Amino acid sequence: MTVQKVIFHIDEISKWKLLLKNVANLLQAIDIEKYNIEVLANSEAVKLYSVNEELDENIDSMKKLNNKGVSFVACNNALMAYHIKKDDLFDFINIVPVGVLELINKQSEGYAYIKP
Amino acid sequence: MTVQKVIFHIDEISKWKLLLKNVANLLQAIDIEKYNIEVLANSEAVKLYSVNEELDENIDSMKKLNNKGVSFVACNNALMAYHIKKDDLFDFINIVPVGVLELINKQSEGYAYIKP
Amino acid sequence: MTVQKVIFHIDEISKWKLLLKNVANLLQAIDIEKYNIEVLANSEAVKLYSVNEELDENIDSMKKLNNKGVSFVACNNALMAYHIKKDDLFDFINIVPVGVLELINKQSEGYAYIKP
């Protein structure tokens, strides 16, 4: 089976609503089994991964998308810059050391790149 | 003949002027016969595809670029979100069901991705 | 030796600080000998390449990254639009005729695309 792969890049908090809507629309159109979908957040965008943001209107959307198979990833440099500890993150968040390196690696593996 | 392919992505109305200038500059430098150039609009950016915007300063640029071979595409989810009907669109606008799926498919076909 | 390649795209002055931080974080994580890293500026972002901006807080970061091997490139159309002459540029800046064509060409050569 050929798997389609896509990485969504976000580095601005204000873009989360749009990004999550984009991903939700995508899921409605595809067979998720045939896709690898990753959301890579760096810079200030990682703040939404913190449990302190649990009342944010976007968190529920994020959790639903994760339950359907979408991977949410944080740049560790950004987490450190905003003093967010690993224990502060929702438990489904994955961490990579350097967000932009993840973007390079995934594209070299054939992932499409989308920046909402 | 090898054909170069590029998809321009826009989801903010405020970026239309810059995007259209980018595409116009590109056309002046290339042999359009050897390029497939697509502009994919989703989110609020689809509003500029409506005939109700015909007085917008960017519409004339868009029409000229289309006459030279540039394809303009709208995300249908975005059209529905902004209550824009197919009959409201300039007649050269193409529609795809899901904009981000178009971005994935085109990149998997070898299109470069540019987000002005 | 396999070389990884990446082109960073910037067209807004306000994004320089974030972009340069992204690139600096990347350099700390990789062996620069195995990477080609290019920063392509078009539109208003080219203004920061002018020696008249030498007091800008980002210039020092830019010079340090260039010393480590990062290439900084300007779109000539943008330079003309902002009346910036070749003699006004820092001497390590390279010029390409059309920024978006550079983005297409590099991606067709296997460069990953990142837009901070």
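Look through segment B:19-48, keep the residues that are assigned to a loop (DSSP other than H, G, I, E, B) and over 19 Å from B:PRO97 (Cβ atoms), and return whichever of them is nearest to the other protein chains (Cβ to nearest Cβ). So that I can check it myself, show each step before the final result.
So the first thing to find is which residues in segment B:19-48 are assigned to a loop (DSSP other than H, G, I, E, B), and the list is B:30-31, B:42.
Narrowing further to those that are over 19 Å from B:PRO97 (Cβ atoms): B:30-31.
Values: B:ILE30: 7, B:ASP31: 12 Å.
Per the stated criteria, the residue is B:ILE30.
Would you check if C:MET62 is open to solvent by 80 Å² or more (accessible area, probe 1.4 Å) and not charged (D, E, K, R)?
Answer is no for this residue.
For segment A:8-18, the criterion of being open to solvent by less than 30 Å² (accessible area, probe 1.4 Å), assigned to a helix (DSSP H, G or I) and within 14 Å of chain B (Cβ to nearest Cβ) is met by at least one residue. No other residue among B:LYS68, B:LYS85 is without any contact (Cβ under 8 Å) to a residue 24 or more places away in the chain, over 30 Å from A:VAL39 (Cβ atoms) and touching a Leu at 6+ places or on another chain (Cβ under 8 Å) apart from B:LYS85. The set of residues in segment B:67-116 being small (Gly, Ala, Ser), open to solvent by less than 30 Å² (accessible area, probe 1.4 Å) and in a helix (DSSP H, G or I) consists of B:ALA78, B:GLY99.
You will find that of C:GLU57, C:GLU44, the residue that is among the acidic types (Asp, Glu) and modelled with pLDDT of 95 or more is C:GLU44 and no other.
Contact map, segment A:98-116: first residue more than 14 Å from chain B (Cβ to nearest Cβ) and over 20 Å from B:ILE10 (Cα atoms), second residue open to solvent by 10 Å² or more (accessible area, probe 1.4 Å) and among the small types (Gly, Ala, Ser), Cβ cut-off under 6 Å, separation 6 or more or different chains; pairs are A:VAL98/C:ALA29; A:LEU101/C:ALA29. When the criteria are applied in full, A:ASN76 meets the requirement of being in contact (Cβ under 8 Å) with a residue 12 or more places away in the chain, away from chain B (no Cβ under 14 Å) and touching a Pro at 6+ places or on another chain (Cβ under 6 Å).
The values are calculated or read from the model by the stated rules, or taken from the named source; none is laboratory data. Computed from a prediction, not measured in an experiment: that's the story for all the values here. Note that each Cβ is placed from the backbone with ideal geometry, even for glycine, and that neighbours are counted across all protein chains shown. All accessible areas refer to the heavy atoms of the entire protein, side chains included, with ligands and DNA or RNA removed. Shrake-Rupley method; radii C 1.70, N 1.55, O 1.52, S 1.80 Å.
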